[in-house]
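First up is the structure itself, then whatever we jot down about it.
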Amino acid sequence: MEDGTGTRAVVMGGSLAGLFAARVLADAYDEVVLVDRDELVGVEGPRRGCPQGRHINGLLARGQQAMEELYPGITEELFADGVPTGDLAGNVRWYFNGQPIKQQHAGLVCVAASRPMLEKHIRRRTAALPNVVFAERHDILGLHTTVDGRRVDGVRVHRLGEGGVEEVIRADLVVDATGRGSRVPIWLESLGYPQVREERKKIGLGYVTQHYRLREDPYHGDLSINPVASPALPRGAIFTKTDGGRVELTTYGILGDHPPTDQAGLYAWLKSLAVPDIYDAVQHAEPLDEPVAFRFPTTLRRHYEEMDRFPDGLLVTGDAVCCFNPVYAQGMTVAALGALTMRQHLHTGAAPQPGQYFRDLARDVIDPPWEMTNTVDLSFPGVEGKRTLKVRMAQAFLKRVQLAATRDGSVAAAYMRGAGLVDRPEAMMRPGFVLRVLVKSFGRAAATNGTAPKVTDRTPAPAG
Ligand SMILES: Cc1cc2nc3c(=O)[nH]c(=O)nc-3n(C[C@H](O)[C@H](O)[C@H](O)COP(=O)(O)OP(=O)(O)OC[C@H]3O[C@@H](n4cnc5c(N)ncnc54)[C@H](O)[C@@H]3O)c2cc1C
């Protein structure tokens, strides 16, 4: 605070994890300062510090719920700003192994916002909090600590632009939300703390994204067409309606098999997908921009919960803790859930204990999606990793769930609730559900080679 009284939290990084953290910190600290090297306030489009903003960032159903809990009414604000919506199980055309799963509404609200649009609304609501201040165009240089190095009590920053000087922003609590490239592990080591264990999985993922204006509607009432990559054809896509009356396409391949960025090559790639729907649709679409690529070589998890020594006054959140395979769309949801976990630790009235926070974050928020997606990633033969009996059993069951979901809407809805992180993975282990999956997946699929027929005879999804 300017007069030196009161409490202050500083959040390093003003992207989604930083904004969510600032939202909960604003309830517990007199002042919250969000530091980012980018210009943030009033920015509408993609920005330099968030290159993934040029690609689809789908918000899982649990993420929508958590966002709404943090900012009541924000979902309706997004819809009022032209963001399309629907039910993630009832209005999305999902294909697994080239087969369409049954569409059945499951109460899973889809917010089909582009990433810049989503961030704009979350930032606007965060900036409206009276005790949140944005320190934009500030490079974060390092942590400031007490002399004994046991407590972080500030952040060293450098204001960008002419005449910028290094300064320290003092803080009672510092939260690192600087994303994958976080330098906190290095800074901690230089202060004499142990190295945080990092876990990575090589997936060699390549994304290409392009926006379109459609001349003909291929959706027939659906919101999105999503053929998911499978071991038989490790290429997938999301072709979704989004804000501004546009359609956003992100297509991807793994282990070095990446979509091309030239227009003709991209169309040829789309033709190679498991279903023809997207290729057919782009024949009647006007590209609005050039295809842009993103490479994502490995997933990354930092196991802060295992550290036996960690300074007081410092927490870490979002991608700085865990970067998931983006294909499963978990990062933003985990960032929002991480903020809810942080809030539980702030409500004790005392300064948060980093060890307890990291343990809760790992157990309640990160472990379930991390295990779930590792299981799926390891079903691709080229992905390195240990295929334990547990992993192989989970993969076999998942295959059955996907097959049963092509025949039974309630299985499809339950699967989507699990994948959307609304239900814990245990929900799919309930005896009644397991039995239903086994019965419904009895026998072979009509076609599992990725050449499924186009879905033209689907029963329309019920409204509401
Ligand atoms: C290609 C791709 C696609 C994705 N798709 C999805 C998806 O579909 N669904 C989903 O939920 N998630 C998705 N994600 C993940 C999602 O984007 C992140 O989980 C989400 O943005 C939260 O990240 P974050 O805020 O922790 O970090 P980031 O978004 O990386 O933000 C870090 C911020 O810190 C700032 N910063 C970093 N270092 C400094 C410094 N030294 N000084 C000042 N500022 C600094 C940056 O400018 C930036 O604003 C995707 C990610 C990628 C890469």
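Note on the stretch 203-298: along the principal axes its Cα atoms extend 35, 25, 23 Å, ordered by decreasing extent.
Each principal axis of the Cα atoms in the stretch 383-428 has its own extent, and those three values, largest first, are 33, 22, 17 angstrom. Potential lengthening of the chain between residue 168 and residue 190 amounts to 6.1 nm, from the contour at 0.36 nm per residue minus the alpha-carbon distance. Against the longest alpha carbon principal axis of the chain, how many degrees, from 0 to 90 and to the nearest 10, is the axis of helix 61-70 turned? Approximately 30 degrees, to the nearest ten. 5 Å is the cut-off here: which amide hydrogens, built 1.01 Å from N in the peptide plane, fall below it relative to residue 153, excluding neighbours closer than 5 in sequence? Amide H neighbours of residue 153: 144, 145, 146. Over the chain, one equal point on each Cα, no solvent: what is log10 I(q)/I(0) by the Debye formula at q = 0.11, 0.13 Å⁻¹? The calculated log intensity ratios at q = 0.11, 0.13 Å⁻¹ are -0.90, -1.22.
Give me the net charge of residue 199's neighbourhood, meaning all other residues with Cβ under 10 Å from the Cβ of residue 199; Lys, Arg count +1, Asp, Glu -1. Here the charged neighbours net out to +4. Here r is the Cβ-Cβ distance between residue 39 and residue 109 and R0 is 30 Å; the resulting FRET efficiency, rounded to 0.05, is 0.45. Taking the stretch 1-62, which GluC sites (Glu not before Pro) meet the DSSP loop condition and have no more than 15 other C-beta atoms within 10 Å? Sparse-neighbourhood loop GluC sites (Glu not before Pro): 2, 39, 44. Straight Cα distances below 28 angstrom link residue 386 to the lysines 201, 202, 399, with same-chain residues fewer than 8 positions distant left out.
Fully extending the segment from residue 264 to residue 216 would add 15.2 nm, taking 0.36 nm per residue of separation and subtracting the current Cα-Cα distance. Projected over all directions and averaged, the alpha-carbon convex hull of the stretch 1-84 occupies 6.8 nm². Label-to-label distance, residue 353 versus residue 79, with points set 7 angstrom from Cα along the beta-carbon direction: 4.3 nm.
No value in this document is a laboratory result; all are computed from the given coordinates. Just so it is clear, the model here is predicted, and its values are computed rather than measured. Here the Cβ is made from the backbone with ideal geometry for all residues, glycine too, and neighbour counts use every protein chain on show.
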